[in-house]
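What follows is a single structure, written as structure tokens, with notes after it.
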Amino acid sequence: MKTRVLKHLITPHGGELKRLLVDDDRAAELKTESRDWPSWDLTPAQAGDLELLLSGAYSPLSGYLTRSDYDSVVKSMLLADGVLWPMPVVLDVTKVFAEKLSPGMVISLRDAEGVMLAALHVEDVWEPDLTGDAKKIFGTSSSDHPGAAAFIDTTRPWFVGGRVEGVQMPTHYDFPSLRHTPQEMREDFAQLGWRRMVAYPSDRIMHRAEQEFTYQASMEAKANLFLHPIVGTADAGDKDYYARIRCYREMEKFYPPLTTRLSLLTAPIRQAGPREALWHALINKNYGCTHMIVDPGLTNPSGDKAFYKESAYAELWQKHGDAAGVAMIPFQQMFYVEDDDAFLPKEKIAKNARVLALSDHDLKERLDHGRDIPDWFTFPEIVQQMRHAHKPRYEQGFTVFFTGLSGAGKSTIANVLLVKLMQLGGRPVTLLDGDIVRKNLSSELGFSKEHRDINIRRIGFVASEITKNGGIAICAPIAPYDNVRKEVRRMVEPGGGFVLVHVATPLETCEERDRKGLYEKARAGIIKEFTGISDPYEPPDDAELALDTTELSPEEAVWEVLMHLEREGYIGVKRHEVQ
Ligand code: PPS
């Protein structure tokens, strides 16, 4: 009965769904045999690919591409047998691991906890030309292209290809009810009586403009809508990931009943432009979709440089659209026209109409400062979810990171700042002073570059945890190296604010003060590797503030810091309380 209904749906790519999970008996057999096999622990991105291989989302692939398939896909977007397949799907491994392998061997593929997910029957092991291949896949090997740069720099240098037998699907504890295999989705569509489906792959929170467009586009195509966001894998503690998915779940409710379905896709975004969009179309075809909305923003690296022209997407569809079998619906930006209280595409807007817009930057500013987000832009339920993950700055945690020479005044300023922030109240404040950290966290470390970097990374880790959980961390180490300071900024910023303060008191003043008598010992050669004397200090080029304590009292210096925090909205009076 089911088969009869399912046959009305679009045929999977290559003719049938290639689900690679084996039955229980075979799985047990593979697990027993695997004791003698080499084991590869999958990264989250690799586990994402394996999940889609096992579920049949990557039909017609029956495993990782062999060398001839890979070369052909990279060069012409076709498998060696001529079937359309635009993106390489390979297992990348280290040289050390590759050296253990030869064709005919079997590898067990395991998740981060060591659970065996699949057996890979090795057919080819080879060292690809990552730079040359990036040029073909991404059209460039420039380090400005984040996708190409990641492919060249972070892909492991050896590839393994071969047939895969699946033992079990990777487990997701988050949002399990929103995860479906192509087969489950096809059965669902068949039961609903849907035959034509418009897929909308996206990786951003949707607002009213996207909702209007996707709904209108599916109506015009006389089809139902399949919201198929690409979510990657959860990084424990990544508030944005969870908020984004909760927003999708809210958004589904704003479509008329029984018009729309939502499912999450755990594929990593490659940023490979039109070729990746075409690949998404094949994946969505395997899920049963006949149409796909192509938003270049999804696969085109953002920023000033758009690497792929919008027309390139339509051109690729002209060439391969028939083989893909999925109709392309170009995404169209919609604008809110106040007089009509409606979203319209640019060409339908009357000349003098009042058009309202809110850029990503404006939206972030409003969230940061707890300001109103207008109803015309998005739904209150979405705002609530966004505010949950993106608290206004006066409720966010932050780190104030002082850097400077020994004796520059870091500890004094940090202590005064601690007192002032405690007096203000509201958030817990933790001081991670250089000396305190070295006594407690880093007592085994010396002052070599390697040890200093470890010390600063530890401080950064603790500060990022404090910040992420809404507290204030004040750090005051010398932190002489630029690279690791920037690393700390990258660790902290996703969870809140980061303010780098260069305590730029000149060496002469520090040496003159020589409160601990260390400079004298350093000059005498008794203390080795002393910062400023026999060891380098790299002044920051990214400090939010520079304070020279030759000219400023500790109170004045702290006032500067407090003023900065106030200007940026991290401290001060909540707006709604004074309105
Ligand atoms: S670093 O470079 O950030 O890891 O240094 P930090 O943890 O802040 O430790 C600096 C304090 O250690 C004392 N000290 C030295 N400083 C620099 N170089 C050498 N070789 C050294 N040996 C000991 C010194 O008291 C520093 O404290 P402050 O408060 O900065 O004067």
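The values are calculated or read from the model by the stated rules, or taken from the named source; none is laboratory data. Just so you know, these numbers come straight off a predicted model, no measurement behind them. Using ideal geometry, Cβ is built from the backbone for each residue, glycine included, and neighbour counts are taken over all protein chains shown. Just so you know, the surface numbers come from the protein's heavy atoms only, side chains and all, with ligands and any DNA or RNA stripped out. Shrake-Rupley method; radii C 1.70, N 1.55, O 1.52, S 1.80 Å.
Observations on the model:
- 26 Å Cα-Cα threshold exceeded, pairs from Lys309/Lys348; Lys239/Lys420; Lys253/Lys285; Lys420/Lys449: Lys239/Lys420; Lys420/Lys449
- Charge dipole (Cα centre; +1 on Lys/Arg Cβ, -1 on Asp/Glu Cβ; no other charges) of segment 452-579 amounts to roughly 640 debye.
- Other residues with beta-carbon under 10 Å from the beta-carbon of Asp535 carry, at +1 per Lys or Arg and -1 per Asp or Glu, a net charge of +2.
- Peptide packing for 153-164, 101-112, 508-519 was compared via the average number of neighbouring C-beta atoms within 10 Å per residue; ordered from the highest value, the list is 153-164, 101-112, 508-519.
- Between the helical axis of 410-424 and the longest alpha-carbon principal axis of the chain there is an angle of about 70 degrees.
- In terms of its alpha-carbon gyration tensor, segment 254-362 comes out prolate; a/c meets the 1.5 threshold, and the first ratio a/b outweighs b/c.
- This model, with +1 at the C-beta of Lys and Arg and -1 at the C-beta of Asp and Glu, gives the chain a dipole about its Cα centre of some 1040 debye.
- Ordering 324-337, 219-232 by mean Cβ neighbour count within 10 Å, with the highest value first, yields 219-232, 324-337.
- DSSP-defined antiparallel bridges as percent of all bridges, the chain, nearest 5: 40
- Cα-based Kirkwood hydrodynamic radius, the chain, one decimal, Å: 27.3
- Those GluC sites (Glu not before Pro) in segment 101-179 that DSSP places in a loop and that have at most 15 other beta carbons within 10 Å: Glu113
- Peptides 389-398, 436-445 ordered by packing proxy, namely the average of other Cβ atoms within 10 Å per residue, highest first: 389-398, 436-445.
- Alpha-carbon centroid distance for the pair segment 165-202 / segment 381-410, whole angstrom: 39
- Exposure rank, largest accessible area first [Asp541, Asp124, Asp144, Asp368; 1.4 Å]: Asp541, Asp144, Asp124, Asp368
- For the chain, the per residue solvent-accessible surface stands at 47 Å², with DNA, RNA and ligands left out and a 1.4 Å probe.
- Electrostatic tally near Gly434: other residues with Cβ closer than 13 Å to its Cβ, Lys and Arg +1, Asp and Glu -1, net +4.
- Cβ-based net charge around Val501, under 9 Å, with every Lys or Arg adding one and every Asp or Glu removing one: -1
- Distance from the C-alpha centroid of segment 296-342 to that of segment 452-513: 42 Å, rounded to the whole angstrom.
- Value of [θ]222 nm, deg cm²/dmol, for the chain, DSSP H segments ≥ 4, -39500 (n - 2.57) each, nearest 500: -12000 deg cm²/dmol
- Candidates Ala327, Ile283, Leu6 compared by Cα position along the dipole of the chain: farthest toward the positive end lies Leu6, with charges placed on Cβ.
- Degrees, to the nearest 10: 44-55 long Cα axis against longest axis of the chain: 10
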